Amino acid sequence: MNEAEFLTGYDPRAYPAVAVTVDVVALTIREGALHVLLVRRGEQPHAGRWALPGGFIRPEEDLPQAAARELAEETGLPGRIHIEQLASYGTPGRDPRMRVVSVSYLAFAPGLPDPRAGTDAADAAWHRVERLPDLAFDHARILGEGLERARSKLEYTPLATAFTGETFTVSELRSVYEAVWGVPLHAGNFHRKVLSVPGFVESTGETTETGGARGGPRAKLYRAGDARLLHPALLRPAREEEVR
């Protein structure tokens with residue numbers, strides 16, 4: 001039997017039905033604090049509860065396309081933001097409708113605007129990660145693992161520059177680390193560490209138009225360098241204590 005003959009007689013109904021969805025952990029920094037995007041479900045199951053943006057993939061879609069589409073449809077946010085696959089979740093019973101496997105994605109960008117609800121979402125809003133409502137499905141687990149991925153990646157990759165503008169000061173970069181890690185950092189030590197990592201940031205040769213809030217010299221402006229990994233890594237304070 002060749003492949004064409006096999007496919008002619010193949011019946012997918014002989015196997016249990018399994019659906020595939022995408023869920024998106026979208027992070028941004030607003031007013032100096034890390035926020036995650038949540039939508040209030042407008043339909044059952046879990047109608048009225050907050051959840052991560054997401055939904056069922058379409059037959060013609062690849063997974064990243066589905067994640068970008070769901071993010072745009074349910075929230076009105078632009079699909080052209082940094083997005084990467086996080087993990088897969090397939091515990092039986094995680095969705096009361098049927099067996100559902102979800103592929104989650106992590107998305108982040110600076111200064112994302114207020115979202116607008118669309119399709120089957122009744123509402124959409126940014127929530128501070130330390131003030132979260134009870135989430136539908138297993139989205140608390142997905143969000144928790146997304147936050148840990150983002151916090152970990154700040155240690156070993158230049159991810160923090162995805163939360164800044166095209167140019168930034170070291171102080172602005174430090175505020176990203178403080179918001180994502182949730183801890184204050186020593187300004188001088190952070191400045192020294194950032195500039196000691198080859199390829200992390202590069203000087204633009206320009207400065208801010210004015211000094212800081214308390215006056216003083218104008219700050220130097222930097223842009224993201226070409227490093228893909230940070231060596232040496234910028235470890236979280238608690239992890240620095242662990243390795244000492």
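The values are calculated or read from the model by the stated rules, or taken from the named source; none is laboratory data. Remember, it's a predicted structure, so these values are computed and weren't measured experimentally. When we count neighbours, we look across all protein chains shown, and the Cβ atoms used for this are built from the backbone with ideal geometry, even at glycine. Keep in mind that these areas ignore ligands, DNA and RNA; they rest on the heavy atoms of the full protein, side chains included. Shrake-Rupley method; radii C 1.70, N 1.55, O 1.52, S 1.80 Å.
Here ALA136 meets the list (1) in contact with a Lys or Arg (Cβ under 6 Å, 6 or more places away or on another chain); (2) open to solvent by 10 Å² or more (accessible area, probe 1.4 Å) almost entirely, failing just condition (2). Within the set of pairs 6+ apart or on separate chains, which have a first residue in the stretch 223-239 that is over 14 Å from ALA160 (Cβ atoms), a second that is of a type in the set (Gly, Ala, Ser) and open to solvent by less than 40 Å² (accessible area, probe 1.4 Å), and C-beta atoms under 8 Å apart? Qualifying pairs under 8 Å: ASP226/GLY199.
Of the residues making up the stretch 188-221, those that are in contact with a helix residue (DSSP H, G or I) (Cβ under 7 Å, 6 or more places away or on another chain), outside any loop (DSSP other than H, G, I, E, B) and open to solvent by less than 50 Å² (accessible area, probe 1.4 Å) are PHE190, VAL194, VAL201. A search for C-beta distances below 8 Å between a residue of the stretch 123-141 that is closer than 13 Å to ARG40 by Cα and touching a residue at least 24 places away in the same chain (Cβ under 8 Å) and any residue that is aliphatic (A, V, I, L, M) and open to solvent by 30 Å² or more (accessible area, probe 1.4 Å), counting only pairs 6+ apart in sequence or on different chains, returns ASP123/ALA117; ALA124/ALA117; LEU132/ALA140; ASP134/ALA140.
May I ask you to verify whether ALA136 is more than 28 Å from LEU234 (Cα to Cα) and in contact with a strand residue (DSSP E or B) (Cβ under 8 Å, 6 or more places away or on another chain)? Yes: the conditions hold for ALA136. Of the residues in the stretch 28-42, none is touching a Ser or Thr at 6+ places or on another chain (Cβ under 7 Å) and among the charged types (D, E, K, R).
Please work out if SER171 is not β-branched (Val, Ile, Thr) and not in a helix (DSSP H, G or I). So SER171 does not fit the description; no. Being under 29 Å from ALA162 (Cβ atoms), open to solvent by less than 70 Å² (accessible area, probe 1.4 Å) and of a type outside the set (Phe, Trp, Tyr): is that true of ALA87 here? For ALA87, the condition - under 29 Å from ALA162 (Cβ atoms), open to solvent by less than 70 Å² (accessible area, probe 1.4 Å) and of a type outside the set (Phe, Trp, Tyr) - is met.
Residue count for the stretch 47-77 satisfying the condition of being in contact with a Leu (Cβ under 9 Å, 6 or more places away or on another chain) and open to solvent by 60 Å² or more (accessible area, probe 1.4 Å): 1.
Out of PRO53, PRO59, PRO110, one residue alone is over 18 Å from ALA150 (Cα atoms) and either in contact with a helix residue (DSSP H, G or I) (Cβ under 8 Å, 6 or more places away or on another chain) or at pLDDT below 95 (or both). It is PRO59. Close Cβ contacts (under 7 Å, 6 or more residues apart or on different chains) running from residues in the stretch 156-176 that are within 15 Å of GLU202 (Cα to Cα) and open to solvent by less than 40 Å² (accessible area, probe 1.4 Å) to residues that are assigned to a helix (DSSP H, G or I) and acidic (Asp, Glu) comprise THR164/GLU172.
Checking each residue in the stretch 30-44 for being more than 21 Å from ALA68 (Cβ to Cβ) and open to solvent by less than 40 Å² (accessible area, probe 1.4 Å) picks out ALA33, LEU34.
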